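Working notes, structure below.
The values are calculated or read from the model by the stated rules, or taken from the named source; none is laboratory data. From a predicted model like this one, the values you see are computed outputs, not experimental measurements. Here the Cβ positions follow ideal geometry from the backbone for every residue, glycine too, while neighbour counts run over all protein chains shown.
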Amino acid sequence: MTISGNVSDGDWSVAATTHRTAGGFNCSIQFSHHTPEGIFKHEFIHSNVFPTEREAVLGGLREGMEWVRLKMSNTFSIQPHESAVGPE
């Protein structure tokens, strides 16, 4: 079974989806924020392994909300860039 959850408000959203991994469960997290420059999106895997799916999805939502807090407070700024890797 896969558990997912999401939280959103106005111009941001966080979604978390669990998946089984060695030793328990992990969580994929998607964060998006609408800005004047466009939509900022970030997707990542939680660094912890949790014993239950419930703990994994709650941990994922918690971590995603931390990204909301940091992004909205302008603690960090991520600029888009061109890939340094060219076609082969």
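Listed values, structure above:
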item	result
Pairs with Cβ under 9 Å, 6+ apart, first in segment 38-60 and over 10 Å from Gly24 (Cα atoms) and of a type in the set (Phe, Trp, Tyr), second assigned to a strand (DSSP E or B) and at pLDDT 95 or above	Phe44/Ser28; Phe44/Ile29; Phe44/Gln30
Odd one out for Gly64 among (1) over 13 Å from the mean Cα position of the chain (by Cα); (2) surrounded by 14 or more Cβ atoms within 10 Å (Cβ to Cβ)	(1)
Whichever residue in segment 18-33 is under 14 Å from Lys71 (Cα atoms) and either surrounded by fewer than 13 Cβ atoms within 10 Å (Cβ to Cβ) or of a type outside the set (A, V, I, L, M, F, W, C) (or both) and, among such residues, is nearest to the chain's Cα centre (by Cα)	Gln30
Search result, residues across segment 34-61 that are charged (D, E, K, R), under 15 Å from Trp12 (Cβ atoms) and surrounded by 16 or more Cβ atoms within 10 Å (Cβ to Cβ)	none
Number of positions in segment 18-40 that are of a type in the set (Gly, Ala, Ser) and outside any strand (DSSP E or B)	2
Subset of segment 41-88 [small (Gly, Ala, Ser) and either in a helix (DSSP H, G or I) or at pLDDT 95 or above (or both)]	Ala56, Gly59, Gly60, Gly64
